[in-house]
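Okay, so here's the structure we're looking at.
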Amino acid sequence: MRTVTIFGATGSIGENTVDLIARAPEQYRVVALTGGRNVARLAEQAILLNAELAVTAFDDCFADLKAALAGTGIEVAAGSAAIVEAADRHADLFMSAIVGAAGLPPGLRALRHGTTLALANKESLVTAGPYLLAEAARYGATILPVDSEHSAVFQALVGEDMQTVERVIITASGGAFRDWPMEKLARATIEQASSHPNWDMGQRITIDSASMFNKAMELIETKEFFGFKPSQIETVVHPESLIHALVGFNDGALMAHLGPPDMRHAIGYALHWPERGHVPVERLDLVKIASLNFRPADEARYPALRIARDVMQTGGLAGAAFNAAKEAALDAFIAGQIGFLDMARLVDEVLNRLQGQNGLSCDILSLDKVLETDHLAREMTQEFVQVTAAR
Ligand code: NDP
């Protein structure tokens, strides 16, 4: 029996993890579940999985969570510090599925206990990848990728010598606007950007798919997690989203990982690792699928991809600045303050300004530097948003 804690249990990745665990109660014991404002669902999950502890990130949600779990014997806590403290209770595997930079501290604490961290939270690797990996190595911890593309690369690399890898291809669906004429993009609305052709995800990540900022994050994650050079990492648009990634070797072989667009596949792989176990996802019918299509990922249509290359080249704190500027620009787009194409323009401007002012390419020696850069980049993006909105 494996012990598991889920950070961000009430979100999309969290719910999929809960689903898999609930189907095999004899295989797992749940230590802690954490959530945010959706305390009703957090309480339901804690009862369903018989968790030891349920934690909400927000102090003002404590009373509701406590009331919902009264008489169950399940412990209750609140606040971001309590989420980090949940990592001090031993679990064989921690699922890191909080959205945003808030996911970094609890994951880091779990790594410092030398345990296994199944990492869905993209921001951890993008903002502080080298630091996170160094801490994992220092404490003998294991990080397993849960993003479908990185799980695919990880699986294709099992038993392979990294020196034989020539290139990695990360596929992209192309998002909501892949077939739109370029001149229409500037007028794209929030509603139009919020519908994904293949995956059912939250609004923020769906808009990030339309702009390809999501793919840009994944390119940076690929470099940080696997240690590939930026020149080895490619992107191709694959509208069916059935191949998640491919790894090319020095004998010309290209190993592709296929699976349905269902996050339970990558989550299940992490839960069973290092073995494979049954995962109840749809089995692909190749004859029914009949054909798989590929198109170039056009950097004129998707400037986020070019920005990701710059970030990978710069390294250091560029990822933290990139993530913060991207989040602030996305907030402004969702609030109706800026247009769809303004997001990439603003992120680019912030990165250029910060690189000129502070220099971003330095070693990350502590989280403080990351948080400071995050703060600066958000403030600067907001300034640029005001200027854009006033035009
Ligand atoms: P969701 O927005 O669906 O869920 C986020 C979770 O984090 C919820 O449990 C939410 O609680 C909780 N949360 C929100 N704010 C805070 C906070 N300040 N402190 C602590 N917890 C908080 O996100 P997803 O599941 O879609 O994504 C999670 C992470 O995984 C992201 O980094 C995303 O990029 C990545 N990812 C997601 C994929 C997907 O298919 N969705 C695919 C690959 C990676 P509540 O809802 O109760 O408020």
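Out of Leu330, Leu317, which single residue is open to solvent by less than 20 Å² (accessible area, probe 1.4 Å) and touching a residue at least 60 places away in the same chain (Cβ under 8 Å)?
Details: Leu317 fails: touching a residue at least 60 places away in the same chain (Cβ under 8 Å).
Just one listed residue meets the conditions, Leu330.
Of all residues in the stretch 228-274, which are polar (S, T, N, Q) and open to solvent by less than 40 Å² (accessible area, probe 1.4 Å)? Talk me through it step by step, then tell me what you get.
Step one: of the stretch 228-274, the residues polar (S, T, N, Q) are 231-232, 235, 241, 250.
Matches in the stretch 228-274: Gln232, Thr235, Ser241.
Do we find that Ala32 is open to solvent by less than 20 Å² (accessible area, probe 1.4 Å) and either in a loop (DSSP other than H, G, I, E, B) or modelled with pLDDT under 95 (or both) in this structure? Quick ask: steps written out before the conclusion?
Values: open to solvent by less than 20 Å² (accessible area, probe 1.4 Å): yes; either in a loop (DSSP other than H, G, I, E, B) or modelled with pLDDT under 95 (or both): no.
So Ala32 does not fit the description; no.
With Ala68, Ala152, Ala91, Ala110 as the choices, which residue is more than 11 Å from the ligand (Cβ to nearest atom), over 18 Å from the mean Cα position of the chain (by Cα) and open to solvent by less than 10 Å² (accessible area, probe 1.4 Å)?
Details: Ala68 fails: open to solvent by less than 10 Å² (accessible area, probe 1.4 Å); Ala152 fails: over 18 Å from the mean Cα position of the chain (by Cα); Ala110 fails: over 18 Å from the mean Cα position of the chain (by Cα).
None of the others qualify; the one that does is Ala91.
Read through the list (1) under 18 Å from Ala270 (Cβ atoms); (2) under 17 Å from the mean Cα position of the chain (by Cα), then give the number of the only condition that Leu157 fails.
(2)
Residues checked against (1) in contact with a Lys or Arg (Cβ under 8 Å, 6 or more places away or on another chain); (2) under 23 Å from Ala308 (Cβ atoms):
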| site | (1), (2) |
| --- | --- |
| Ser211 | no, yes |
| Val237 | yes, yes |
| Ile243 | no, yes |
| Gly259 | no, no |
| Trp273 | no, no |
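Residues being closer than 21 Å to Glu135 by Cβ, among the hydrophobic types (A, V, I, L, M, F, W, C) and either buried (at least 19 other Cβ atoms within 10 Å of the Cβ) or within 23 Å of the chain's Cα centre (by Cα) (or both): count how many of those fall in the stretch 361-383.
Filtering the stretch 361-383 for residues closer than 21 Å to Glu135 by Cβ gives 361-374.
Cutting the leftovers down to among the hydrophobic types (A, V, I, L, M, F, W, C) gives us 362, 364-365, 367, 370-371.
This time we only want the ones that are either buried (at least 19 other Cβ atoms within 10 Å of the Cβ) or within 23 Å of the chain's Cα centre (by Cα) (or both), so: 364-365, 367, 370-371.
Number satisfying all stated conditions: 5.
For Lys223, state whether it is part of a helix (DSSP H, G or I), free of Cβ contacts under 8 Å to residues at least 12 places away in the same chain and open to solvent by 20 Å² or more (accessible area, probe 1.4 Å). Quick ask: steps written out before the conclusion?
Numbers: part of a helix (DSSP H, G or I): yes; free of Cβ contacts under 8 Å to residues at least 12 places away in the same chain: no; open to solvent by 20 Å² or more (accessible area, probe 1.4 Å): yes.
No: the conditions fail for Lys223.
Quick check, is Thr142 open to solvent by 20 Å² or more (accessible area, probe 1.4 Å), β-branched (Val, Ile, Thr) and in contact with a Leu (Cβ under 8 Å, 6 or more places away or on another chain)? Reasoning before the result, please.
Details: open to solvent by 20 Å² or more (accessible area, probe 1.4 Å): yes; β-branched (Val, Ile, Thr): yes; in contact with a Leu (Cβ under 8 Å, 6 or more places away or on another chain): yes.
Yes; evaluated as a whole, the condition is true for this residue.
Of all residues being buried (at least 18 other Cβ atoms within 10 Å of the Cβ) and either among the hydroxyl-bearing types (Ser, Thr, Tyr) or not in a helix (DSSP H, G or I) (or both) in the stretch 37-65, which is nearest to the ligand (Cβ to nearest atom)? Just the residue, please.
Ala57
Go through the residues of the stretch 199-220 one by one and say whether even a single one is within 16 Å of the ligand (Cβ to nearest atom), open to solvent by less than 50 Å² (accessible area, probe 1.4 Å) and more than 23 Å from Ala324 (Cβ to Cβ).
Pass one, the stretch 199-220, residues within 16 Å of the ligand (Cβ to nearest atom): 199-220.
Next cut, open to solvent by less than 50 Å² (accessible area, probe 1.4 Å) only: 199, 202, 206-220.
Filter again for more than 23 Å from Ala324 (Cβ to Cβ), leaving 199.
The answer is yes; a qualifying residue exists.
Scan the stretch 339-391 for residues that are touching a Leu at 6+ places or on another chain (Cβ under 7 Å) and assigned to a loop (DSSP other than H, G, I, E, B) and jot them down.
Phe340, Leu341, Leu360, Cys362, Ile364
Within the stretch 1-33, track down each residue that is over 15 Å from the mean Cα position of the chain (by Cα) and within 6 Å of the ligand (Cβ to nearest atom).
Thr10
The values are calculated or read from the model by the stated rules, or taken from the named source; none is laboratory data. Just so it is clear, the model here is predicted, and its values are computed rather than measured. Positions of Cβ are generated from backbone atoms using ideal geometry, with glycine treated the same way; all protein chains shown enter the neighbour counts. Side chains are part of the model used for accessible areas, which takes the heavy atoms of the whole protein and leaves out ligands, DNA and RNA. Shrake-Rupley method; radii C 1.70, N 1.55, O 1.52, S 1.80 Å.
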